[in-house]
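So the structure is just underneath, and the comments pick up after that.
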Amino acid sequence: MSESERPIHVVGGGIAGLVAAITAAEGGAPVVLHEAGGRLGGRAVGSAERPWVNLGPHVVFTDGALVRWLRQQRIDVSMRGPMVRGLRMLDDRGTQFPIRQAVQLLPTVLRREAPVDETFGAWAGNAFGEATADLLCRLGGLITYHHDPGALSARFMWERYRRSFLSADRVRWISGGWLSLVDALAARARTLGVHIELDDRVMPQTLPDAPTVIATKLSAAARVLDRGLSWPGARTALLDVATTSDRGWPAVIADVRSDLATCCMIERETAVDPDALGGKGGHLIQAQLGVAPDVGVAEGVARIEDGLDVGFPGWRDAIGWRRAQIVVDATGAVDPPGTTWRDRPSVVQGDDLFLAGDAVAAPGFLSEVSVNSAVDAARRALNARRGRAFAPGWPTVELTPERRLAVLAAVLPAASLNTTTAASADDVEPVDETGPGYRVEQRAGVTTATSITADDGGVRITRLASSRLPGIARAAVERLPVWRRPFRR
Ligand SMILES: Cc1cc2nc3c(=O)[nH]c(=O)nc-3n(C[C@H](O)[C@H](O)[C@H](O)COP(=O)(O)OP(=O)(O)OC[C@H]3O[C@@H](n4cnc5c(N)ncnc54)[C@H](O)[C@@H]3O)c2cc1C
């Protein structure tokens, strides 16, 4: 086999592996995807016996990497907004529509910069007062599945809180659960000729000598690469119950009672195929609670059930099927004080090996990290493959977004390029790195394209501006309808 026929290998067939495989195949490489299990999907489907029952709620954001990448790829996945009227908050006074909490959280609407180094609890206490900070920290459980969100980095939590609570109109549930997403990705991969090997666990000794994307959990990647790779995650108790009746229960209950430093989320938004539950009920209730390292399944699940007893009266009499478990490091990375996503294990691992997944150095929220890192890893693997096939031994010049803007500035008429430095990239922190790597905006007839580069030299913001940029203007016009296309509900 000649170098140019050699494939890129992708290890892991979850969201990250499928996105990496599609990106590499679209880049013109033959691709082999190795999945250890008997079906594709990884954590997005959770279990081979009941793939329709998500491991958790699995919401996506219309401004995030996953949804935008799907739109760019024209992969059709049907989504719907949350049932806001069915939302309830369970606090020490009982269950109610969360009007009082909404009023309490009003001051959080104002933009502020949260520090990386401080804990969210301490920072929020100073910024909003103890009572509001307590509520904010508990609500953080909904977006991190962590037992103590107040102990995490203020910036990490604040950014996630603002995206999910203050832009709730961008939240979507995937109709039919994440299995439909996985099926759509798998269909695209197959159409592009990706060779999929199931029941094929890659070990250090079977690691191919070729550009390879390792798209597994970090612990599995550490075993495959035989090196230390780790980052903090959450430990989460999960209870899934299929009930034989629906007694007019709420759609979502956020249990923020004061015995917890976090929140227990109970929801029944995830679509499910009743046949997949073996005729044992067609209504699925799912609950997640971040638990400390010393809490066992029985204790964690008992606390979840206590919330169900209050919010879903009669649920015990309607149980058709149930599943209880604790998952570890399964809900994505959490950044402790003093760290950001840039400090996590790098996508680039040397020797043409690249990491993708939800705990590596890429921006975004939960699975968005998998998507951003998968696109990045696949592009780098394509580059490495080109280097091996056509220019062995040559140094590769990486056309970073910053360099792309410099090239555009040189060739486009009346373009100005301006680079400034910043103490932090917080204001312009990217959530989607699957596009060209710079953000295009048009205001008052001026088109700007902005890239942010953070490296050892600090944070550089490079801005290309012009009132006459035909290429970028066209790109912006093409991209905007993609972002703004209305979603099916
Ligand atoms: C309770 C819960 C709730 C969640 N809620 C949300 C949410 O609301 N929104 C959201 O965006 N995300 C959510 N997530 C996170 C989301 O599920 C994950 O980020 C995403 O599924 C991770 O995909 P991945 O491909 O990176 O990893 P995985 O899905 O873990 O895929 C890795 C794959 O690699 C395979 N593998 C492992 N070792 C090997 C090997 N040696 N050789 C070959 N294959 C191997 C595994 O079998 C697996 O299929 C949630 C997760 C949980 C558990």
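The values are calculated or read from the model by the stated rules, or taken from the named source; none is laboratory data. Since this is a predicted model, take the numbers as computed values, not measurements. Virtual Cβ from ideal backbone geometry, glycine too; neighbours counted across all protein chains shown. Surface accessibility is based on the protein's heavy atoms, side chains included, excluding ligands, DNA and RNA. Shrake-Rupley method; radii C 1.70, N 1.55, O 1.52, S 1.80 Å.
The table below gives the values:
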{"read-out": "Answer residue from region 11-45, given it is touching a strand residue (DSSP E or B) at 6+ places or on another chain (Cβ under 6 Å) and assigned to a helix (DSSP H, G or I) and is surrounded by the most Cβ atoms within 10 Å (Cβ to Cβ) among those", "value": "20"}
{"read-out": "Check on residue 164, within 15 Å of the ligand (Cβ to nearest atom), assigned to a helix (DSSP H, G or I) and open to solvent by 20 Å² or more (accessible area, probe 1.4 Å)", "value": "no"}
{"read-out": "Residue within region 379-387 that is within 28 Å of residue 62 (Cβ to Cβ), surrounded by 24 or more Cβ atoms within 10 Å (Cβ to Cβ) and assigned by TED's automatic domain parsing to the domain that holds residue 220 present", "value": "no"}
{"read-out": "So residue 77, is it touching a residue at least 60 places away in the same chain (Cβ under 8 Å), closer than 29 Å to residue 439 by Cα, within 10 Å of the ligand (Cβ to nearest atom) and not in a helix (DSSP H, G or I)", "value": "no"}
{"read-out": "Condition met for residue 186 (buried (at least 18 other Cβ atoms within 10 Å of the Cβ), of a type in the set (A, V, I, L, M, F, W, C) and within 9 Å of the ligand (Cβ to nearest atom))", "value": "no"}
{"read-out": "Residue list for region 193-246, restricted to those being exposed (fewer than 14 other Cβ atoms within 10 Å of the Cβ) and away from the ligand (no atom under 13 Å from the Cβ)", "value": "193, 209, 227, 228, 230, 246"}
{"read-out": "Qualifying residue in region 38-52 (condition: under 16 Å from residue 284 (Cα atoms), within 7 Å of the ligand (Cβ to nearest atom) and not charged (D, E, K, R))", "value": "no"}
{"read-out": "Cβ pairs under 6 Å, 6+ apart, first in region 312-332 and assigned by TED's automatic domain parsing to the domain that holds residue 241 and among the aromatic types (Phe, Trp, Tyr), second more than 16 Å from the ligand (Cβ to nearest atom) and open to solvent by 60 Å² or more (accessible area, probe 1.4 Å)", "value": "321/280"}
{"read-out": "Number of positions in region 123-144 that are open to solvent by 20 Å² or more (accessible area, probe 1.4 Å), more than 29 Å from residue 238 (Cα to Cα) and in a helix (DSSP H, G or I)", "value": "5"}
{"read-out": "Output for region 361-376, where each listed residue is open to solvent by less than 10 Å² (accessible area, probe 1.4 Å), outside any helix (DSSP H, G or I) and away from the ligand (no atom under 11 Å from the Cβ)", "value": "363"}
{"read-out": "Residue in region 56-68 that is at pLDDT 95 or above, open to solvent by less than 20 Å² (accessible area, probe 1.4 Å), within 14 Å of the ligand (Cβ to nearest atom) and out of contact with any strand residue (DSSP E or B) (no Cβ under 9 Å at 6 or more places or on another chain) present", "value": "no"}
{"read-out": "Criterion violated by residue 391 - all others in (1) open to solvent by less than 40 Å² (accessible area, probe 1.4 Å); (2) of a type outside the set (Ser, Thr, Tyr); (3) at pLDDT 95 or above satisfied", "value": "(3)"}
{"read-out": "Qualifying residue in region 298-316 (condition: within 18 Å of the chain's Cα centre (by Cα) and away from the ligand (no atom under 16 Å from the Cβ))", "value": "no"}
{"read-out": "Test result for residue 34, near the ligand (Cβ under 8 Å from one of its atoms) and over 24 Å from residue 236 (Cα atoms)", "value": "yes"}
{"read-out": "Given (1) open to solvent by less than 50 Å² (accessible area, probe 1.4 Å); (2) within 18 Å of the chain's Cα centre (by Cα), number of the condition residue 86 does not satisfy", "value": "(2)"}
{"read-out": "Residues of region 24-55 satisfying the condition of being charged (D, E, K, R) and at pLDDT below 85", "value": "49, 50"}
